[in-house]
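Have a look at the structure below, then the notes.
The values are calculated or read from the model by the stated rules, or taken from the named source; none is laboratory data. Bear in mind the structure is a predicted one, so any value in this text is a computation, not a measurement. Reconstructed Cβ throughout: ideal geometry from the backbone, glycine too, with neighbour counts over all protein chains shown. These area figures cover heavy atoms from the full protein model, side chains too; ligands, DNA and RNA do not enter into them. Shrake-Rupley method; radii C 1.70, N 1.55, O 1.52, S 1.80 Å.
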Amino acid sequence: MTTGTITRADAERLDVSSPLAGTRERFRIPEGVIYLDGNSLGALPLGVADRMASVVEDEWGTGLIRSWNAAGWMELVGRISARIAPLVGVRGEDLHVGDSTSVSLFKSMVAAARLRPERSVIVVEPSTFPTDGYIAAGVADLLGLQLRWCDPADPLAAVDEDVALLSLTHVDFRTGAMFDMAGITAGAHARGALAQWDLCHSAGAVPVDLTGADADFAVGCSYKYLNGGPGAPAFTWVSPRLQDQARQPVTGWMGHAAPFAMQRDYAAADGMAGWASGTHPVLALSSLDAALGAFDGVSTDQLRAASLSLTDLFLALLDERVPGLDVVTPSDHARRGSQVSFRHPHAYALVQALIARGVIGDYRDDGDRDGIARFGFAPLYVTHTEVYDAVEHIAAVLAAEEHLDPAYATRNAVT
Ligand SMILES: Cc1ncc(COP(=O)(O)O)c(C=O)c1O
């Protein structure tokens, strides 16, 4: 293995001085695994398994239907919203939690378009996570609007007097590049459009200030950096400026002002309560509620400082140990989320070879271009020492050409 100027002892020192030294103990990370995929599925926080056992055995098994009242199942959404709120710079009462991100996007894109009835275009950027574009196309089709693709280098150039909504993903899922939320939101408003932000790759990893940016709508999943578990429900935020007028289209009984009055006609509940549609996913919400305890006492500044320190180290080590890699993540802190990615002709096989060594990242296709190897740095549980070891593994795999082993070429269903 090559020896460069950064040593493992340097990484160990960074762990000792990290603002989040100790929060890793709040998670169960399997022995022998370096987990750099929290940008896809967060690790399991301690406390979730016991909580789930109790919800299943006691609340469901013993309490049965009584638990809707006795165990406070109806209060889960409010409690979780209050815990997510400081991570994205909003008030808990302005969040709804319970749908998938895709459904949250659908509801809020329809609501946004209805707020600008004289405008006929939704703008999305082409490299966004596919579901954002698919949902925008579906909403455009449903409402007789047009979908317009913008240049990610200058999204505002596509926003003219026809545009109702500019919908962007704050941190890009492939490259980890981060948009200037406040500047772009102000630009959209100056052109009379609304701004929506997908926070899937931001919430819990980078500080987000939706209120300060004066954004209009936001959505985000909770199974990545929020560690809520596979398929954990997403959150939807609507600016308090707009809640009185914004109408979401999935008018199910749980969003009714009086669901148990069983009235014939729909009347939306006030505020974000009116963004519920069907019965709350109690098991998934319980897991998320317990998982969010991992953020207790942690500030977004601490998360950001730890995240940048980890990604800085990874980038510096790649530069030293594997020079010439096609890194696609911005080096500028203001433009970087909490992941680092590089393009490689054998990116899929390389990721598989790393997984075989216990270093878990993932792979994302990118059309005709070489694919992307992605490494996520969840600041609550990834250590600098692991970053050091991960880069040693990457260098070793490439030096020995382990990734060319045919065993790593066959794609799994989930990459
Ligand atoms: C930016 C972004 N939006 C949306 C999603 C997924 O949406 P859903 O929660 O509906 O599966 C992802 C998943 O990785 C994502 O990265």
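In the list Ala291, Ala246, which residue meets the criterion of being open to solvent by less than 40 Å² (accessible area, probe 1.4 Å), at pLDDT 95 or above, assigned to a loop (DSSP other than H, G, I, E, B) and of a type in the set (A, V, I, L, M, F, W, C)?
Ala246 is the lone residue from the list that is open to solvent by less than 40 Å² (accessible area, probe 1.4 Å), at pLDDT 95 or above, assigned to a loop (DSSP other than H, G, I, E, B) and of a type in the set (A, V, I, L, M, F, W, C).
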Search result, residues across the stretch 61-109 that are away from the ligand (no atom under 16 Å from the Cβ), of a type in the set (S, T, N, Q) and more than 17 Å from Arg51 (Cα to Cα): Asn69, Ser81
Per-region count, the stretch 316-348, residues closer than 16 Å to His170 by Cα and out of contact with any strand residue (DSSP E or B) (no Cβ under 8 Å at 6 or more places or on another chain): 2
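Tell me, which helices (runs of 4 or more DSSP H) wholly within the stretch 1-73 include 2 or more residues that are touching a helix residue (DSSP H, G or I) at 6+ places or on another chain (Cβ under 7 Å) and charged (D, E, K, R)?
Details: elements: 8-17, 48-54, 67-70.
Qualifying helices (runs of 4 or more DSSP H): 8-17.
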The lone exception for Leu318 - which of (1) in contact (Cβ under 8 Å) with a residue 60 or more places away in the chain; (2) within 16 Å of the ligand (Cβ to nearest atom) it fails: (2)
When residues of the stretch 351-370 are limited to those that are out of contact with any Gly (no Cβ under 9 Å at 6 or more places or on another chain) and modelled with pLDDT of 95 or more, the one nearest to Ile184 (Cα to Cα): Ile360
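Conditions tested, residue by residue: (1) at positive phi; (2) out of contact with any Pro (no Cβ under 7 Å at 6 or more places or on another chain); (3) β-branched (Val, Ile, Thr); (4) modelled with pLDDT under 95.
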| residue | (1), (2), (3), (4) |
| --- | --- |
| Ala21 | no, yes, no, yes |
| Ser40 | no, yes, no, no |
| Ser54 | no, yes, no, no |
| Gly63 | no, yes, no, no |
| Ser67 | no, yes, no, no |
| Ile80 | no, yes, yes, no |
| Leu87 | no, yes, no, no |
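Any residue in the stretch 275-282 that is surrounded by 15 or more Cβ atoms within 10 Å (Cβ to Cβ) and either more than 17 Å from Phe235 (Cβ to Cβ) or touching a Leu at 6+ places or on another chain (Cβ under 6 Å) (or both)?
Step one: list which residues in the stretch 275-282 are surrounded by 15 or more Cβ atoms within 10 Å (Cβ to Cβ), which gives 275-277, 280-282.
Still in the list and also either more than 17 Å from Phe235 (Cβ to Cβ) or touching a Leu at 6+ places or on another chain (Cβ under 6 Å) (or both): none.
There is no residue in the stretch 275-282 that is surrounded by 15 or more Cβ atoms within 10 Å (Cβ to Cβ) and either more than 17 Å from Phe235 (Cβ to Cβ) or touching a Leu at 6+ places or on another chain (Cβ under 6 Å) (or both).
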Count of residues meeting criterion [under 29 Å from Leu292 (Cα atoms) and open to solvent by 30 Å² or more (accessible area, probe 1.4 Å)] in the stretch 100-119: 4
Failed item, numbered, when Ala112 is tested on (1) in contact with a strand residue (DSSP E or B) (Cβ under 6 Å, 6 or more places away or on another chain); (2) within 16 Å of the ligand (Cβ to nearest atom); (3) part of a helix (DSSP H, G or I): (2)
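Rundown of residues vs (1) farther than 30 Å from Asp319 by Cβ; (2) charged (D, E, K, R); (3) touching a residue at least 12 places away in the same chain (Cβ under 8 Å); (4) exposed (fewer than 14 other Cβ atoms within 10 Å of the Cβ), yes/no style:
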{"position": "Arg8", "(1), (2), (3), (4)": "no, yes, yes, yes"}
{"position": "Ser18", "(1), (2), (3), (4)": "no, no, yes, no"}
{"position": "Thr23", "(1), (2), (3), (4)": "no, no, yes, no"}
{"position": "Phe27", "(1), (2), (3), (4)": "no, no, yes, no"}
{"position": "Ile34", "(1), (2), (3), (4)": "no, no, yes, no"}
{"position": "Ala53", "(1), (2), (3), (4)": "yes, no, no, yes"}
Filtered residue count, the stretch 220-230, keeping only those that are within 14 Å of the ligand (Cβ to nearest atom) and more than 9 Å from the chain's Cα centre (by Cα): 3
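Have a look at Asp162, Asp151, Asp141 and point out the one that is free of Cβ contacts under 8 Å to residues at least 24 places away in the same chain, more than 21 Å from Ala85 (Cα to Cα), away from the ligand (no atom under 16 Å from the Cβ) and among the acidic types (Asp, Glu). Lay out the reasoning, then the answer.
Details: Asp162 fails: free of Cβ contacts under 8 Å to residues at least 24 places away in the same chain; Asp151 fails: free of Cβ contacts under 8 Å to residues at least 24 places away in the same chain.
Result: Asp141 is the single residue among Asp162, Asp151, Asp141 that is free of Cβ contacts under 8 Å to residues at least 24 places away in the same chain, more than 21 Å from Ala85 (Cα to Cα), away from the ligand (no atom under 16 Å from the Cβ) and among the acidic types (Asp, Glu).
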